[in-house]
């Protein structure tokens, strides 16, 4: 299904997308997801940890608080710089380096734990990205991921945007990383003790319009979707996102509380067969 895709071209567009807006502002909202994942991974002090598609460093910083030796890798320089600023402010020794989730520049088995929080899920070549996660993790080490689910709010947000600005034909949806069966396909026989738990993060805003405006200004995929549309079609996308937020709102006090489901995955890297 994906053999005709030019993955490099897709990644080039993705880099521009994630560099637009201010993903650091979005990451600041969802930082609790990283803290929960690091707790679930049960990292040891001194463990060598890699945070793949680190963005502004949520999982990297959470792991550094556990006394781990942490590297965060991403292909957006501005987000790496934001991560450095955060780690410096908290006096946490995190190494932030430029890199590609599909071509990690580390030898086999370098890390005791490999993490990614709503990051590696956006790599266009899912199978290659999954193989890289496993490759750089030592046998017996931990692979831990958090990914938005297809059925959850963010999955519906992506589908709403795609109705206005379709993704490249044949590109597998990032939210497939939030499907248990797909995770088993991707990680395959390389991991054991595979534990998957569906959790919810709650977005909190004053109004549905405030939510939509925040994502329109800060979240790269919606920033670029609005830019791709002719001026006269942008109000309809805005209205559809406002309606989506209202539909998923669970608050009864006049504000907005939107539960967004994600899949938490923790697995152990198996030894390579002899």
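Values in this text are rule-based calculations from the coordinates and carry no lab data. Everything quoted here is computed from the prediction, not taken from an experiment. Positions of Cβ are backbone-derived with ideal geometry, glycine not excepted, and every protein chain shown enters the neighbour counts.
Tabulated data
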quantity: Ranked 205, 215, criterion: other C-beta atoms within 10 Å, fewest first; calculated: 205, 215
quantity: Rg [Å, one decimal], Dmax [Å, integer] - the chain, C-alpha atoms; calculated: 18.2, 62
quantity: Kirkwood estimate for the stretch 110-151, i.e. one over the average of 1/r between Cα atoms, Å; calculated: 10.8 Å
quantity: Degrees, to the nearest 10: 234-248 long Cα axis against longest axis of the chain; calculated: 70 degrees
quantity: Shape category assigned to the stretch 57-216 from the gyration tensor of Cα positions, a/c cut at 1.5; calculated: oblate
quantity: GNM top mover of 70, 52, 16 - the chain, alpha-carbon springs below 10 Å; calculated: 16
quantity: On Cα atoms only, tilt of 126-135 relative to the major axis of the chain in degrees; calculated: 30 degrees
quantity: Rounded to 10°, Cα long-axis angle of helix 7-19 versus longest principal axis of the chain; calculated: 70 degrees
quantity: Principal axis box of the stretch 92-131, alpha-carbon based, largest edge first, Å; calculated: 31, 22, 18
quantity: Whole-Å distance, taken between Cα centres, linking the stretch 119-174 and the stretch 10-29; calculated: 15 Å
quantity: Shape call, the stretch 195-274: gyration tensor on alpha carbons, a/c limit 1.5; calculated: oblate
quantity: Ranked list, fewest to most other Cβ atoms within 10 Å of each Cβ, for 258, 30; calculated: 30, 258
quantity: Exposure proxy ranking, count of Cβ atoms within 10 Å, fewest first, for 108, 125, 74; calculated: 108, 125, 74
quantity: FRET efficiency, 1/(1 + (r/R0)^6) with R0 25 Å, evaluated for residue 6 and residue 240 via beta carbons; calculated: 0.25
